[in-house]
Amino acid sequence: MLHKKQLFALAASLSFVCAIVFSSSGFAVYATVTEAPSPHTPVSNKGATIQPVPYGKDTVKQRDGAYTKGHKGTQERLDLTASPSEAKSKGGSGTESIIGADNRTRVNNTAIYPYSAIVHIVSDIGGCTGWMIGPDTVATAGHCLYDPNEDKWASFATVYPGRNGDYLPYGSADGTEFFSVTGWVHDGNTNYDYGAIKLDKRIGDSTGWFGYRYQSGSMNGTAENISGYPGDKPYGTQWQHADRIRDTHKHKLLYANDTYGGQSGSPVYQNSYAYCGVCSIAIHTNGVYGGSSYNRGTRITKEVFENLNTWKAQ
């Protein structure tokens, strides 16, 4: 039989208990218990209810995970040049790390897939990187869209797919809605640092988009690449560095790719995986911290995977 202190501890661990009644002869418990909401619960800057769509027509389930297929797009270009009045971000968002010598190399032809599907994000809370996951949806880091220290969403975000300095091969698109999850927006927990942008046009039909996947087991040793828009290089230029997954955590993947502020939100991707094609396995978010010598990204777990599919379908 539980003692009173044990019962109170149990009640405190549950999200809701209707009543606990004690009497001289003992106690009776009348309770309605609901599960605590998941930190992966999706939220929108508009406060809209988000209907889950965890699996789409391009999703392929596997024994230990699933993937959603990528698409190369038509590669039909606009070939625009950024004007002097183009909005510029206030700086690169996030703190990422160069590990030893800087081994990043510039992507010279950003107009070809998959670099065309990597976007430079300009907003009022900092410059970032994102990657197309559908015709009108961009995946990125949560801190590129919501600042928990200021308790505010970005008021605007413009994306430039395949940008190369002033050259804008696919023009730009504006964000119409921003998504993240309660674990980031309410708690500021870096384990849930991911989100997405809905765009005002189907620019991905031209640029193409990434596939993405999750698997339940370790990803140690998986070859991967990170490409994005760092704040320490010429403005609006894309840089990449290849490495492999060095350590697998429940919510993060660790790697030795060199990165810098502004590359937050970059895809951590495999150049080829089954019919997924160019396939992301994480979203770059953090530099070296906590005694580790590696950079890290939010791992695409089952929950992250399902939210990406859901946001893509909105």
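The values are calculated or read from the model by the stated rules, or taken from the named source; none is laboratory data. Since this is a predicted model, take the numbers as computed values, not measurements. Ideal geometry is used to build each Cβ from the backbone, glycine not excepted, and the neighbour counts take in all protein chains shown. Ligands, DNA and RNA are excluded from the accessible area calculation, which covers all protein heavy atoms including side chains. Shrake-Rupley method; radii C 1.70, N 1.55, O 1.52, S 1.80 Å.
Restricting the stretch 182-209 to residues that are assigned to a loop (DSSP other than H, G, I, E, B) and over 23 Å from Tyr170 (Cα atoms) leaves a set whose member that is nearest to the chain's Cα centre (by Cα) is Tyr194. From the list Ser272, Ser292, Ser264, Ser280, which one is in contact (Cβ under 8 Å) with a residue 40 or more places away in the chain and surrounded by fewer than 22 Cβ atoms within 10 Å (Cβ to Cβ)? Only one candidate qualifies: Ser292. Identify, please: which residue in the stretch 110-166 is open to solvent by 10 Å² or more (accessible area, probe 1.4 Å) and polar (S, T, N, Q) and is, among those, farthest from Lys69 (Cα to Cα)? Applying the filter and picking the extreme gives Asn149. The single condition among (1) in contact with a Gly (Cβ under 9 Å, 6 or more places away or on another chain); (2) among the basic types (Lys, Arg); (3) under 24 Å from Val159 (Cβ atoms) that Arg299 does not satisfy is (1).
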